[in-house]
Amino acid sequence: MVALPINLQNLLRHRTVESERIEYKAAWNPDAIIRTLCAFANDFENLGGGYIIIGQDCDAEGRPITPPLGLVESQIDKIQRELLGACQQIRPPYFPSLSICDVDDRKLIVLHAPGGMHRPYKAPASVSARHKSWHYYIRRYSSTVEARGDCEQELLNLTANVPFDDRIAQQAKVSDLSKPLMLAYLQEVGSALADYADRLSIEELGRQMNVVDGPSECPWPKNVGLMFFSETPDRFFPYTQIDVVWFPDGPGGDHFDEKIFKGPLARITREALGYIERNYLHQTVLKHPDRAEATRVWNFPYPAIEEAVVNAVYHRSYQDREPIEVRIMRDEILVLSYPGPDRSIKLADWIAGHAMCHRYRNRRIGEFLKELGLTEGRSTGVPKILKAMAANGSPPPQFDTDDDRSGCLVRLPVHKLALWPIDQSGTPQVTPEVTPEVTPEVGRLIKLLIGEWPRLELQQALGLKDDDHFRIAYLLPAMQAGLVQMKFPDKPRSSKQRYHLTPAGQQWLKQHADD
């Protein structure tokens, strides 16, 4: 029995509607279920397959009904036996992972059907028919339909075209996977597998997470497993890294600072984003003499940067020996990755920011990023960037590539009101017209911060026990306002890290010493 790689109970409680990746069945219906398994195995849109939940009824709009109808416990063994026989009728044979779980004290069977390695797959229109007819099936929105005409031809063209991230890595060994990283991931996504994963061997755990494949006598890790669960994925995929480069004098200047992030994909994505947020994002507060409300803008809105970087991690090619590069300048941020957008996206739509992708280069990478909450995987990245920039009042972003789709460039212009001078260390310097926002919490921190302090001592001196509250309410706002900075900004996790006031922080302290 295999546990789901997602928190199914939360999925059902949130009443997630049927979609391209989820189908609910109130009861065991072998004909319909085998056709849908075939469609998920074909994974026509490269979304990573899907899930069939047996015993869960839904309303007319496709939302699961709670509590679910459930299955009689005595039926479950029979369903499993019949499922085994029915799956053998798929050509080539295809077997999903099966999990039995309790939701609201009702038994459900959950079939996890990832995209198959040997597509295209055919399934019989009727499992029990004496004279069977086999057809190709695909998902269209929330329905399973027969692939016909151009769709059938396109599906046939996908024969043996397994995406690179889902392929076996014969240059590596299962022991190259890190079990602690795998356990940490399962805990973070709330998988039921986390409850007993530590008792499994790394091979058993890898097979249940679908990051290990091959015969038992010669197992191999999959590329996606090495990308997320190896401490050094760049050993196997050179230049799997994110380069963050700061040009204080513009790209033509003689000086630049570079920070390179290497390691598991989820970690370097978060670390690179955190580094950018801490060191290069700041909020400007403009006070107006004719009204009480101040205007607050960010030089670059974090959600736009997050979407641009995560999209680059999701859609870049890991066969190309080119890193993801984030170039930060006073007037813009550029996010560059290789190659460019898939050819299913019209070039004019991409440049205009209206891209809708019908093929995903890395379906398994997208699956893991979705479960970690870093992406939605529904072509929402470009619209989210547009929305975030507009909400901040920033100029619209620009999306560039060339006719050969050799590269992908996302350009985020700075907000016009946030053009602060920046010194060589990257510290924003406050102009007389711009007053940084200082909350009561930040004010307490600044008045305490005389000299250099370690983070823990600062927190204790403020009488705070909650690490997250101290970071979110005190430290990060003070740094984002340009009032506090690290002694070693390139080594944020250094044991010798200290915090001190910037010149702007010292100026604020002088002005409010008697408050």
Scan region 440-482 for residues that are in a loop (DSSP other than H, G, I, E, B), under 14 Å from Trp508 (Cβ atoms) and modelled with pLDDT of 85 or more and report the count. 2
Return the residues of region 119-158 that are of a type in the set (S, T, N, Q) and over 28 Å from the mean Cα position of the chain (by Cα); say none if nothing qualifies. Ser126, Ser128, Ser133, Gln153, Asn157
I'd like to check something: does region 241-253 contain any residue that is free of Cβ contacts under 8 Å to residues at least 40 places away in the same chain and either buried (at least 19 other Cβ atoms within 10 Å of the Cβ) or under 22 Å from Met389 (Cα atoms) (or both)? no
State all residues of region 195-213 that are part of a helix (DSSP H, G or I) and crowded, with 18+ Cβ neighbours inside 10 Å; if no residue qualifies, say none. Ala197, Ile202, Leu205, Gly206, Arg207, Gln208
Quick one: would you say Thr380 is touching a Phe, Trp or Tyr at 6+ places or on another chain (Cβ under 8 Å), modelled with pLDDT under 85 and within 27 Å of Gly50 (Cβ to Cβ)? no
Condition check for Gly274: touching a residue at least 24 places away in the same chain (Cβ under 8 Å) and part of a loop (DSSP other than H, G, I, E, B): no
Please list, ordered by first then second residue, the pairs with beta carbon atoms under 8 Å, 6 or more apart or interchain, first in region 488-504 and not assigned by TED's automatic domain parsing to the domain that holds Lys262, second among the β-branched types (Val, Ile, Thr) and not in a loop (DSSP other than H, G, I, E, B). Tyr499/Val484; His500/Val484; Leu501/Ile446; Leu501/Val484; Thr502/Val484
Within the set of pairs 6+ apart or on separate chains, which have a first residue in region 165-177 that is part of a loop (DSSP other than H, G, I, E, B), a second that is among the polar types (S, T, N, Q), and C-beta atoms under 9 Å apart? Arg167/Asn223; Ala169/Asn223; Ala172/Asn223; Ala172/Ser230; Leu177/Ser230
Being assigned to a loop (DSSP other than H, G, I, E, B), among the hydrophobic types (A, V, I, L, M, F, W, C) and under 19 Å from Glu367 (Cα atoms) is the filter here, so list the residues in region 135-164 that pass it. Val162
Which numbered condition Glu258 fails, given (1) surrounded by 15 or more Cβ atoms within 10 Å (Cβ to Cβ); (2) in contact (Cβ under 8 Å) with a residue 12 or more places away in the chain: (1)
Looking at region 283-305, is at least one residue within 28 Å of Arg363 (Cα to Cα), polar (S, T, N, Q) and at pLDDT 90 or above? no
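The values are calculated or read from the model by the stated rules, or taken from the named source; none is laboratory data. Computed from a prediction, not measured in an experiment: that's the story for all the values here. Virtual Cβ from ideal backbone geometry, glycine too; neighbours counted across all protein chains shown.
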